[in-house]
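Just so you know, all these numbers are worked out from the coordinates, no wet-lab data involved. None of these values were measured; they are calculated from a predicted model. Here the Cβ positions follow ideal geometry from the backbone for every residue, glycine too, while neighbour counts run over all protein chains shown.
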Amino acid sequence: MPEPTIYELSSPGRKGVLFPASDVPEVALPDQFLRTELPLPEMAEVDTVRHFTRLSQMNYAIDLGFYPLGSCTMKYNPKINETTARLPGFAYTHPFQPIDTVQGNLYLMYTLQEWLKEISGFAGVTLMPAAGAQGELTGMLIIYKYHQDRGDFKRKRILIPDSAHGTNPASSAMIGMEIVPLPSDARGNVDLSALKELCDENLAGLMLTNPNTLGLFDEHVEEVIQMVHAAGGLVYGDGANLNALLGIVRPGDLGFDVMHFNLHKTFSTPHGGGGPGSGPVAVRQELLEYLPDPVVSMIDSGSEDCPPLYGFTHPSRSIGRVKAFYGHFGMLVRAYTYILMHGKDGLRDIAEKAVLNANYMMNRLKSTYTLPYDRSCMHEFVLEGYWKDLPDVHALDIAKRLMDYKFHPPTNYFPLIVHEALMIEPTETESRETLDAFCDALINIAREAREQPELLHDAPHNTPVRRCDELKAAKDLVLCCYPLEELQKPT
Amino acid sequence: MFTPHSDADVAVMLKSIGVENVGELFKEIPARFRYPDLNLPPALTEMEAADDLDSIAASNGTTHDMLSFLGAGAYDHYIPAAVDMILRRGEFYTAYTPYQPEISQGTLQAIFEYQSLISNLTGMDVTNASHYDGATAAAEAAILSWHHFKGKRKKVLLSRAVNPQYRQVIRTYLQATEGLRIEGDDQETGLDADLKRLIAQIDNNTALVVVQYPDFFGRIIDYKPLIEAAHAEGALVAVAVNPTALGLLTPPGDLGADIVVGEGQPLGIPLSYGGPYLGLFSVKEPLLRKLSGRLVGETTDVEGKLAYVLTLTAREQHIRREKASSNICSNQGLMTLASAVYLTLLGKQGFRQVANLCYQKAHYAAHVLASLPGFDQVFSETPFFHEFVLRPSQPLDEVLSHLREHDILGGYDLGQDYPELQGCLLMAVTEKMRKTDIDFTREVLMEVENA
């Protein structure tokens with residue numbers, strides 16, 4: 001039985017949560033502006049709670065099992081984060097409170113900025129961007145404005161490797177940049193000869209994900225960055241895959257100019273079924289004045305008797321404000337808690353265990369599935385989800401069959417440069433037993449693909465719903481439900 | 001620490017990979033930069049970290065231990081306990097984006113219900129799965145209008161009474177869009193409720209007009225003349241809403257709005273120092289395919305069973321890459337859930353009651369405070385919802401600091417954005433404010449005048 005919608009569960013006259021009667025003298029409402037109907041559901045609290053609880057039971061989640069989604073870093077979300085982010089001292093602070101009443105918030109944000117600088121090797125950090133994609137937009141605006149301020153108006157070309165996430169070209173295109181895809185070489189690195197040809201006076205910059213979405217650390221990263229710099233361009237680092245580098249190497253040291261973090265990947269803030277994320281951006285010294293307005297700063301360093309005072313400063317050449325207020329503060333509290341519990345050695349341990357887990361799985365699977373780039377990988381690796389002699393079996397079938405084994409499928413059909421890609425990122429929080437169980441499932445599925453391919457084609461079999469008709473959804477476009485009495489009205 | 005590996009596990013895994021130690025897996029990293037000595041504090045256990053965070057949080061003053069009239073885009077409403085109980089379910093908050101519908105029906109149906117609630121509340125045809133916040137939703141509306149007219153209409157008009165931060169974010173997002181002008185919010189066009197000078201600027205080169213409802217000062221303005229004027233010139237109109245007000249007010253869809261954006265924070269999301277919040281974004285049917293961001297639609301599975309999926313994904317960056325009109329990838333997933341649970345829990349009666357309480361209490365506050373000698377209500381001739389502007393004859397700094405001595409946060413200093421409102425205070429009142437709180441504030445303000 002499908003779960004009815006809230007409008008189907010609604011019953012006229014039923015009350016949910018009510019509020020106290022007004023304690024002030026009644027005044028008239030502004031008649032000409034009043035609505036006549038308020039089409040909201042009418043449900044008792046118990047039925048609302050049961051409805052949403054039942055919905056929750058139709059979801060897969062990290063708390064239920066393994067989530068080997070490549071480039072998504074679906075690590076365990078520590079429960080303490082949820083407690084700290086909801087502390088009344090944080091949750092009940094208004095963003096426009098005078099700064100002397102929110103020194104705790106500002107201290108936390110300032111300290112998190114300092115830690116992210118230290119971890120990444122950059123000179124400054126903004127915590128404002130709401131998500132990785134908004135971090136990219138922020139970073140690309142910084143690069144745009146940097147060239148504008150130098151009178152370099154014709155620098156509009158942004159190079160983006162063909163293995164990049166779709167947000168990279170979209171973020172650059174949003175501000176009118178010309179996108180030029182950069183091919184990868186046979187080892188999965190940036191193709192240096194192609195890069196050389198594109199490095200001229202029109203170059204604005206390069207967006208580089210390193211390790212890239214193949215899970216490979218670019219073996220010529222320093223050379224790549226030097227070539228872009230020599231041509232007058234800047235290098236943007238997509239920090240989606242930073243988990244592999246924590247305590248191992250700092251992108252700022254490698255020469256990157258700008259980089260975003262995904263706190264919801266690397267620093268354990270939950271994905272929430274699609275968000276909220278958080279995408280702080282780091283810059284090198286020369287770009288500090290371009291950061292979004294405002295930046296959390298130490299306004300007065302204090303003294304022995306007097307603690308420092310934290311507040312806001314306004315960078316002189318700022319790209320402007322990128323969102324209301326100061327960022328996803330609740331996510332910042334979670335990331336702060338996480339870093340606080342790890343310290344220097346703990347962060348390095350994260351990267352080491354993430355890379356160990358990925359290499360372990362890659363080695364277990366590469367005799368069953370084709371591994372197009374056979375090098376030691378970083379935090380993730382990409383397999384081909386098909387066999388030449390089984391043309392009817394696709395990566396999608398393998399992905400769906402994994403659900404029958406109670407696993408979330410890997411990222412599939414991405415990166416685009418691998419045919420029928422299965423992109424696997426185990427993260428550091430999974431045990432050897434979990435990795436083995438998943439590898440066993442994938443190996444079993446490879447056997448099923450030969451012996452009983454219908455098991456793959458018809459999969460999944462025991463999920464809340466089975467394969468869905470996406471064409472029908474796009475054709476019918478039912479995007480909203482209405483109160484039943486509205487629908488029953490004569491038209 | 002959240003890695004489960006025992007030393008024995010590590011040994012077995014290294015042997016299986018065929019390396020001596022973990023370090024061998026990192027040999028491609030340039031040696032001179034490998035293993036930086038990070039200057040970070042030593043790791044704390046959970047117990048110690050909880051203690052640290054407790055003391056940081058405790059050092060803040062909060063809207064619980066002070067009486068707050070702060071609003072200006074973020075509002076202190078009561079959130080029923082059941083909202084957070086649902087949000088804390090690991091099945092919801094530790095789930096990924098619902099790209100695999102077979103095992104994501106919970107998230108998908110919840111978003112579908114969110115889309116329905118917001119469409120019904122705003123009187124619009126289609127609501128997406130949300131943007132980051134009200135400000136970025138407003139910026140996306142401007143981008144939508146630019147693409148809708150294929151860059152041929154070069155002007156976006158903003159009412160000066162739109163939240164200053166929204167206007168800043170629109171300018172940030174569009175600063176590199178060549179040929180586009182953003183106008184209408186200058187001091188000369190002003191803040192008049194009849195909008196005559198703004199309407200006069202609408203022409204056939206105008207892509208979009210953005211107004212706010214209620215506006216930044218809490219005023220309820222009749223936007224019908226503006227919307228008619230814009231449509232007569234073929235321009236689009238975006239209305240930025242406070243959703244709580246829509247518990248009482250005519251929905252902007254009925255007024256003719258083409259796009260509705262808004263800050264969804266008042267719908268069951270804590271203040272949390274400014275985020276994460278929720279960007280509402282709804283359009284009329286003709287703009288459906290121009291809409292950026294995720295959308296959930298109804299369909300069936302292979303057995304004919306009702307199911308929900310992400311739909312029209314071909315608009316989005318992961319398919320269209322540089323040809324997508326927006327780079328947005330995530331939505332405020334968990335925040336859409338919070339607002340869906342909130343609106344369902346309160347329902348038709350509870351939500352209308354909250355809106356009415358906000359209206360009544362704000363009017364009581366405006367009445368008793370503005371009737372004090374030395375205090376005037378600015379814009380008093382225009383209807384308002386739950387925010388109003390108070391102009392003290394004394395310097396605002398002195399008024400605010402006097403209020404602070406009595407643990408009252410007086411409101412938002414409008415002089416920082418509006419030179420013409422120097423010394424004026426924007427005050428917000430929600431259902432949480434008691435009559436006794438307002439009366440107490442009146443007594444404290446009386447002392448200012450007498451001081």
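Assorted remarks:
- Once the Cβ-Cβ distance of B:HIS406 and B:LYS150 is raised to the sixth power relative to R0 = 41 Å, the FRET efficiency obtained is 0.10.
- For A:GLU42, net neighbour charge (Lys/Arg +1, Asp/Glu -1) across residues whose Cβ lies under 9 Å away: +3
- Applying D = kT/(6 pi eta Rh) to chain B, where Rh is the Kirkwood radius over alpha-carbon pairs, T corresponds to 37 °C and eta to 0.692 mPa s, the Stokes-Einstein value obtained is 134 µm²/s.
- Rounded to the nearest 20 debye, the dipole magnitude of chain A is 140 debye, with +1 charges on Lys and Arg beta carbons, -1 on Asp and Glu beta carbons, and the Cα centre as origin.
- Each other residue within a Cβ distance under 13 Å of A:ASP458 adds +1 if Lys or Arg and -1 if Asp or Glu, for a net charge of -4.
- Dipole orientation for the protein assembly as shown: of the candidates B:THR97, B:ALA370, B:ASN205, B:ASN205 has the Cα lying most toward the positive pole (charges on Cβ; Lys, Arg +1; Asp, Glu -1).
- At 0.692 mPa s and 37 °C, Stokes D of segment B:185-329 from Kirkwood alpha-carbon radius, µm² per second: 186
- Taking max minus min of the alpha-carbon positions on each principal axis, segment A:25-180 gives extents of 62, 50, 39 Å, largest first.
- Here segment A:81-340 is treated with +1 on each Lys and Arg Cβ and -1 on each Asp and Glu Cβ, and its dipole about the Cα centre works out to around 660 debye.
- Pairwise inverse Cα distances across segment A:239-397, averaged and inverted, put the Kirkwood hydrodynamic radius at 19.2 Å.
- Estimated from helices alone, the mean residue ellipticity of chain A at 222 nm is -10500 deg cm²/dmol (sum of -39500 (n - 2.57) over DSSP H runs with n ≥ 4, per residue).
- Here segment A:384-427 was treated as a single set of alpha-carbon atoms; its pair distances binned every 10 Å from 0 give 30, 52, 17, 1 percent.
- Rounded to the nearest 10 degrees, the inclination of helix B:164-174 to the longest alpha-carbon principal axis of chain B is 50 degrees.
- Based on Cα contacts under 8 Å between residues 6+ apart, segment B:169-315 shows a relative contact order of 14 percent.
- Per-pair calculated FRET efficiency, R0 = 51 Å: B:ASN39 and B:GLU381 via Cβ, rounded to 0.05: 0.30
- Relative to the longest principal axis of the Cα atoms of chain B, helix B:46-58 runs at roughly 10 degrees.
- With the convex hull of its Cα atoms as the shape, the protein assembly as shown has an orientation-averaged projected area of 37.5 nm².
- Projected area averaged over orientations for segment A:59-124, convex hull of C-alpha atoms, nm²: 7.1
- Bridging of A:LYS154 to aspartates and glutamates at a Cα separation below 18 Å is possible for A:GLU178, A:GLU197, A:ASP200, A:GLU201, B:GLU178, once same-chain residues fewer than 8 apart are set aside.
- Size of segment A:91-143 from its Cα atoms: along the principal axes, largest to smallest, the extents are 35, 22, 17 Å.
- Cα-based reach from B:LYS290 at 21 Å (exclusive), listing lysines while leaving out same-chain residues under 8 positions away: A:LYS472, A:LYS475, B:LYS150, B:LYS152, B:LYS154, B:LYS155, B:LYS323
- Other residues with beta-carbon under 13 Å from the beta-carbon of B:VAL12 carry, at +1 per Lys or Arg and -1 per Asp or Glu, a net charge of -1.
- Each residue of segment B:301-420 gets 239 Å³ once the volume of the Cα convex hull is shared out per residue.
- When the alpha carbon gyration tensor of segment A:81-340 is reduced to an equivalent ellipsoid, the three semi-axes, largest first, read 33, 20, 16 Å.
- Counting neighbouring Cβ atoms within 10 Å and putting the fewest first, the residues B:HIS367, B:HIS386 line up as B:HIS367, B:HIS386.
- Segment B:82-342 - Kirkwood radius from inverse mean 1/r over Cα pairs (Å): 18.7
- Quarter of Cα convex hull surface for segment A:344-463, i.e. mean projection, nm²: 7.7
- Each listed q (0.20, 0.21, 0.26 Å⁻¹) maps to a log10 I(q)/I(0) for segment A:310-395, found by the Debye formula over equal Cα scatterers with no solvent: -0.96, -1.00, -1.22.
- Using the Cα coordinates of segment B:149-258, the gyration tensor eigenvalues translate into equivalent-ellipsoid semi-axes of 21, 16, 14 Å, sorted from longest to shortest.
- FRET efficiency, A:SER303 to B:ARG289 (Cβ-Cβ, R0 45 Å, nearest 0.05): 0.15
- Computed from the alpha carbon atoms alone, the convex hull of segment B:12-58 holds 138 Å³ per residue.
- Taking the C-alpha atoms only, the angle from helix B:396-405 to the longest principal axis of chain B is near 60 degrees.
- For chain A, the fraction of C-alpha pairs farther apart than 37 angstrom is 39 percent.
- Between the residues A:PHE52, A:PHE312, A:ALA459, the greatest Cα displacement towards the positive end of the dipole of the protein assembly as shown, with unit charges on the Cβ of Lys, Arg, Asp and Glu, is found for A:ALA459.
- Computed from the Cα positions only, the extents of segment A:354-417 along the three principal axes stand at 32, 27, 22 Å, in decreasing order.
- Coarse-grained scattering of segment B:2-138 at q = 0.12 Å⁻¹, given as base-10 log I(q)/I(0) from a Debye sum over alpha-carbon atoms: -1.01
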